[in-house]
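Every read-out reported here was derived from the displayed coordinates using simple, explicitly stated rules and does not represent laboratory data. Fair warning: this is a prediction, and the values are worked out from it, not measured in the lab. As a convention, Cβ positions derive from the backbone with ideal geometry for all residues, glycine included, and neighbour counts pool all protein chains shown.
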Amino acid sequence: MVWDAHGAGDVRDVREVPQADARTPLTAEEELRSRSVFATEIGAQLARQGWAVFPAHTPEERIRLFAVARIIEQRLGHRVEAVPEDICSMRFTVVGAAHEAGPAAGHQDS
């Protein structure tokens, strides 16, 4: 950053860092283990109440959680929907579940 006499800054020679396709920093084995753990955690909450909210701060985490929804479907034998609730979380629901709907999307109890 270059500053002038009045304290105003001027950014020079700033370039965007090229990004490869969205990739996980985890090894293939770590990715499988993390998906399994997330599926167990989220699946348990879905089994109890029919919905769950889980953090997803990056595109990679959202991709991972969509895959987790498929794992949970196989385990529960019911269709599981995973949708972004807001910019940092995903909401999971068991489609056609007889459970209460839980808090309105976008509003969590603290």
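Express the relative contact order of region 25-94 as a whole percentage, based on alpha carbon pairs under 8 Å and six or more residues apart in sequence.
35
For the ranges 55-61, 79-85, what's the packing order if you count other beta-carbon atoms within 10 Å of each residue, average per peptide, and put the highest first?
79-85, 55-61
Using the Karplus curve 6.51 cos²θ - 1.76 cosθ + 1.60 with θ = phi - 60°, what ³J(HN,Hα) values do you get for each residue of region 46-52, in whole Hz, with x for Gly and Pro?
Per-residue couplings from phi come out as 4, 5, 6, 10, x, 8, 7 Hz.
Enumerate the amide H contacts of His78 below 5 Å, restricted to partners 5 or more residues apart or on another chain; note that Pro and chain-start residues carry no placed amide H.
none
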